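Reviewing the structure listed below.
The values are calculated or read from the model by the stated rules, or taken from the named source; none is laboratory data. Predicted model only: the values in this text are computed from it and were never measured. Methodologically, a virtual Cβ is constructed for each residue, glycine included, from the backbone with ideal geometry; neighbour enumeration extends over all protein chains shown. Calculation scope for accessible area: heavy atoms of the full protein, side chains included, ligands and nucleic acids excluded. Shrake-Rupley method; radii C 1.70, N 1.55, O 1.52, S 1.80 Å.
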Amino acid sequence: MPLALLALAISAFGIGTAEFVMMGLLPDVADDLGTSVPTAGYLVSAYAIGVVLGAPLLTAVGSRAPRKRMLLLLMALFTAGNLASALAPGFGWLLAGRFLAGLPHGAFFGVGAVVAARLVAEGRQARAVATMFLGLTVANIVGVPAATLLGQHLGWRATFLVVAAIGLCSMAALARLVPRAPADAHQGLGRELRALGNRQVLLGLLTAVFGFAGVFAVYSYLSAMTTEVMGFGESSVTPVLALFGIGMTLGALAAGPLTDRALRPTLYGSLSALAVVLVVFPFAVHVKWAALVMVVLLGGIGFMTTTPLQMLVMNKAKDAPTLASASNHSAFNLANAGGAWLGGAAIAAGWGWTSPALVGAGLTVAGLAVAATAGVLDRGRPGESRVVAGTGASTTPKSHADVC
């Protein structure tokens, strides 16, 4: 694999750490800024809103920029947002900093996925995209627990200073390792918007919203389930969350080769398996060892859906995949917000701590239905593996000079 993928993975590690670390720092931030934990929870929402809005807007603004320059500018904005968060004098300023840090998230992964796919020969593109996403999964194993521990001992501001430093290191890696090339002649906002309007792209985005919402319906309340249902102490919450991250990493490693071999079957299989895991989850978590296995399976099978969904929207967008690729991350964050809200509503209704899993199963089945419908509508069309690396007219692998 090209070294440029390492630069993309380092950047993904920093972004993943910034996204998820706030969940562990909410009590510390609330105490320091004199607000309640539920109010501090808006800091998680502010980041997610930034992702949803920033993915299409920033991608559209930079549609004609060389992709390497775009990656550097997006990572600079991410770094500035985390630095602003670290220096925020009050809650309102921290809210703005979190929103600013979230703005480049989706656009970076959208542009980065296209760059990653074009760095490698045809037939290895999904593996390249999955390699970039490994940085995001490793963040949940190493970055988030370490950053949370740092914040608890040195203060939450130190956490965001470290994340900003990771952003600077990422910029250096991108500048050094990602090859430079002029913007593609075919790039342009009009073409990107037309590609985004493709029926298969829209169905892929809708699959992401429903299918991945099932994961976040449970993950959002996994900490509470660890102590309230599984029978573990509070000190076990971090290791349990790390197990989820290990599952994500294993899922990313498996998803790349499987997606390169058979995209739609991988998507159907992962969504079907995820629905089964979510149905079994409420019954298995009452036994400690089984609960830990289910956490790993939830992370692994859940994350196996991300690579085929990413490749699907990129491929169906043909020679203008950047905006569709970025919008996919808006869809994932809508899934995050929607799954968490519906899971919380089930708990509030008195259905029990494990009820979000059954809600998530229903959401995943809905996502599978959308994916199956898209597959039926797409029968007889050309295969999905030939368009990402090309410019729309050719299927031959590109050299590094054609990447950015």
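Checked against the criteria, G245 does not count as at pLDDT 90 or above and in a helix (DSSP H, G or I). Please determine whether any residue of region 192-207 is surrounded by 21 or more Cβ atoms within 10 Å (Cβ to Cβ), modelled with pLDDT under 90 and closer than 19 Å to H105 by Cα. Among the residues of region 192-207, at least one is surrounded by 21 or more Cβ atoms within 10 Å (Cβ to Cβ), modelled with pLDDT under 90 and closer than 19 Å to H105 by Cα, which makes the answer yes.
Among the residues of region 292-312, those that are open to solvent by less than 20 Å² (accessible area, probe 1.4 Å), in a helix (DSSP H, G or I) and farther than 18 Å from G123 by Cβ comprise M294, V295, L298, G299, G300, G302, F303, T306, L309.
Here's the yes/no breakdown for (1) under 25 Å from P56 (Cα atoms); (2) open to solvent by less than 20 Å² (accessible area, probe 1.4 Å); (3) not polar (S, T, N, Q):
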| position | (1), (2), (3) |
| --- | --- |
| V114 | yes, yes, yes |
| R124 | no, no, yes |
| V129 | yes, yes, yes |
| V144 | no, no, yes |
| T148 | no, yes, no |
| A158 | no, no, yes |
| V162 | no, no, yes |
| A165 | no, no, yes |
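Which of the residues spanning region 265-291 are open to solvent by 20 Å² or more (accessible area, probe 1.4 Å) and either on the phi > 0 side of the Ramachandran plot or part of a helix (DSSP H, G or I) (or both)? P265, Y268, G269, S272, A273, V276, V279, V280, F283, K288, W289 - these are the residues of region 265-291 that are open to solvent by 20 Å² or more (accessible area, probe 1.4 Å) and either on the phi > 0 side of the Ramachandran plot or part of a helix (DSSP H, G or I) (or both). Any chance region 55-69 includes a residue that's open to solvent by 20 Å² or more (accessible area, probe 1.4 Å) and within 19 Å of T148 (Cα to Cα)? No.
Yes or no: A12 closer than 24 Å to L77 by Cβ, of a type in the set (A, V, I, L, M, F, W, C) and assigned to a helix (DSSP H, G or I)? So A12 passes the test. Screening A262, A254 for residues that are of a type in the set (A, V, I, L, M) and either touching a residue at least 24 places away in the same chain (Cβ under 8 Å) or crowded, with 18+ Cβ neighbours inside 10 Å (or both) leaves exactly one candidate, A254. The residue that is modelled with the highest pLDDT, among those in region 62-74 that are out of contact with any Pro (no Cβ under 9 Å at 6 or more places or on another chain) and more than 17 Å from P321 (Cβ to Cβ), is L72. Taking G338, is it open to solvent by 10 Å² or more (accessible area, probe 1.4 Å), touching a residue at least 60 places away in the same chain (Cβ under 8 Å) and closer than 25 Å to E19 by Cβ? When the stated conditions are applied, G338 passes them. Only a single item in (1) free of Cβ contacts under 8 Å to residues at least 12 places away in the same chain; (2) farther than 22 Å from A320 by Cβ; (3) of a type outside the set (A, V, I, L, M, F, W, C) is not met by P145, and it is number (1).
For region 239-251, taking the residues that are touching a residue at least 60 places away in the same chain (Cβ under 8 Å) and β-branched (V, I, T), the one that is surrounded by the fewest Cβ atoms within 10 Å (Cβ to Cβ) is identified as I246.
Looking only at region 362-396, filter to residues that are at pLDDT below 50 and part of a helix (DSSP H, G or I); which one of those is farthest from R118 (Cα to Cα)? Out of the qualifying residues, it is E384.
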